[in-house]
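The values are calculated or read from the model by the stated rules, or taken from the named source; none is laboratory data. Remember, it's a predicted structure, so these values are computed and weren't measured experimentally. Because the Cβ atoms are built from the backbone with ideal geometry, glycine has one as well, and the counts that use them run over all protein chains shown.
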Amino acid sequence: MKLRFLGTGGGVPSKLRNVTSIALEMLQERKAVWLFDCGEATQHQILHTPIRPRRIEKIFITHLHGDHIYGLPGLLGSRSFQGGEGPLTVYGPVGIKRFIDTTLSVSQTHLKYPLKIVEIEQEGVIFEDEQIKVITKWLDHAIPSLGFRVEEKDRVGTLDMEKISSLGVKPGPHLKDLKLGNAIEWDGIIIDPSDVLGEPIKGRVATILGDTRVCKGSKELMINADVCVHEATFSSEQTKMAFDYFHSTTTQAASAAKEMNVKKLLLTHISSRFLPSEWKDLEKEARSIFDNSFVVSDFEEEEV
């Protein structure tokens, strides 16, 4: 499970930072990619990565400001033109359906794949299967803004091959049954999975927040996360401006991460007012409170 940052700028694109889009790559886990936000030119950014639009299974939109959605119609159309036929689901606040339907209708874009649009009206679990659960909560921004918590469910422990061998069990498809949690019979002996499986592997947690002040919802989504992506539009010296514009500073994000026991904090949505020479200063501000903080850049990859 890997995060790939397609756009890390706030508000407007700059030469080195495009507007917001983040890919959660789960190619080994489910042969799919999920996108979080789709700012202008996201599909152009994708061209510089190994991501294939047909692999994009879900798109989660945090809020309806242009720097988070203007790339969506183009990406949806290109996915169709490039042979994407698998279904795609878009999640977002109320209004996302009207935006998509209107832009596709006016441009007479006809998709060759099933598109499902889910408008989120309440907090809670918005998706769950045998592998993943996605929880959303409302944040504190100028318009309705969502944060998402992606929880990977615990995985079965690894097979103890030394113990299996000591029981006289030979390699074969029956080992898959044990891995799936099913008992097997071997030479008249019943072998229970608990006898040969290690401890369950704890599922990973990635929290991805939309634009927000630090608030109750953002903190609840951050609890014990392996990775948290948090906006840091402003520096520590711009607290009043951050509050007035419903955004966060580097140190506010770092304080919340420390309080909620986050393992790694990834700061994004960096304002174009900051020169590249100042990005390390922003990172230092966050690290003065929470040492495992990083200001991320376009095309950077981070394991969850």
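Details
- Every residue from the stretch 171-187 that is at pLDDT 80 or above and touching a strand residue (DSSP E or B) at 6+ places or on another chain (Cβ under 9 Å): LEU175, ASP177, LEU178, ALA183, ILE184, GLU185
- Being in contact with an Asp or Glu (Cβ under 8 Å, 6 or more places away or on another chain), under 30 Å from MET241 (Cβ atoms), among the hydrophobic types (A, V, I, L, M, F, W, C) and touching a residue at least 24 places away in the same chain (Cβ under 8 Å) is not true of LEU72.
- Residue-level check: of (1) assigned to a strand (DSSP E or B); (2) assigned by TED's automatic domain parsing to the domain that holds LYS219, PRO144 misses just (1).
- Qualifying positions in the stretch 253-278 - crowded, with 22+ Cβ neighbours inside 10 Å and not in a strand (DSSP E or B): ALA253, ALA254, ALA256, ALA257, VAL262, HIS269
- Any hit, the stretch 75-87, residues being under 28 Å from THR249 (Cβ atoms) and either of a type in the set (Ser, Thr, Tyr) or in a loop (DSSP other than H, G, I, E, B) (or both): no
- Pick from the stretch 293-304, criterion charged (D, E, K, R) and assigned to a loop (DSSP other than H, G, I, E, B), ranking: surrounded by the fewest Cβ atoms within 10 Å (Cβ to Cβ): GLU300
- Yes/no for GLY95 being touching a strand residue (DSSP E or B) at 6+ places or on another chain (Cβ under 7 Å) and closer than 25 Å to LYS216 by Cα: no
- So GLU85, is it assigned by TED's automatic domain parsing to the domain that holds ASP211 and farther than 22 Å from ILE208 by Cβ: yes
- Any hit, the stretch 39-57, residues being part of a strand (DSSP E or B) and either under 13 Å from the mean Cα position of the chain (by Cα) or assigned by TED's automatic domain parsing to the domain that holds ILE120 (or both): yes
- Single match in GLU57, GLU121, GLU130, GLU29 (criterion: within 21 Å of GLY203 (Cβ to Cβ) and in contact with a Pro (Cβ under 9 Å, 6 or more places away or on another chain)): GLU57
- Residue satisfying all of: in the stretch 279-292; within 18 Å of ARG213 (Cβ to Cβ) and in contact with a strand residue (DSSP E or B) (Cβ under 9 Å, 6 or more places away or on another chain); surrounded by the fewest Cβ atoms within 10 Å (Cβ to Cβ) among these: PHE290
- Candidates VAL12, VAL19 - the one that is aliphatic (A, V, I, L, M), more than 16 Å from PHE148 (Cβ to Cβ) and buried (at least 24 other Cβ atoms within 10 Å of the Cβ): VAL19
- One residue stands out in the stretch 111-141 among those that are part of a loop (DSSP other than H, G, I, E, B) and in contact with a Ser or Thr (Cβ under 7 Å, 6 or more places away or on another chain): the one that is farthest from LEU88 (Cα to Cα), namely HIS141.
- Residue within the stretch 147-163 that is among the hydrophobic types (A, V, I, L, M, F, W, C), out of contact with any Lys or Arg (no Cβ under 7 Å at 6 or more places or on another chain) and within 30 Å of ILE22 (Cβ to Cβ) present: yes
- Check on GLY11, of a type outside the set (S, T, N, Q), over 25 Å from SER297 (Cα atoms) and modelled with pLDDT under 95: no
- Single residue of the stretch 192-240 satisfying the filter (basic (Lys, Arg) and not in a strand (DSSP E or B)) that is modelled with the lowest pLDDT: LYS202
- Screening GLU29, GLU57, GLU40 for residues that are touching a strand residue (DSSP E or B) at 6+ places or on another chain (Cβ under 7 Å), surrounded by fewer than 24 Cβ atoms within 10 Å (Cβ to Cβ) and not small (Gly, Ala, Ser) leaves exactly one candidate, GLU57.
- Residue within the stretch 121-130 that is loosely packed, with under 12 Cβ neighbours inside 10 Å, touching a residue at least 24 places away in the same chain (Cβ under 8 Å) and either under 30 Å from ASP154 (Cα atoms) or not basic (Lys, Arg) (or both) present: yes
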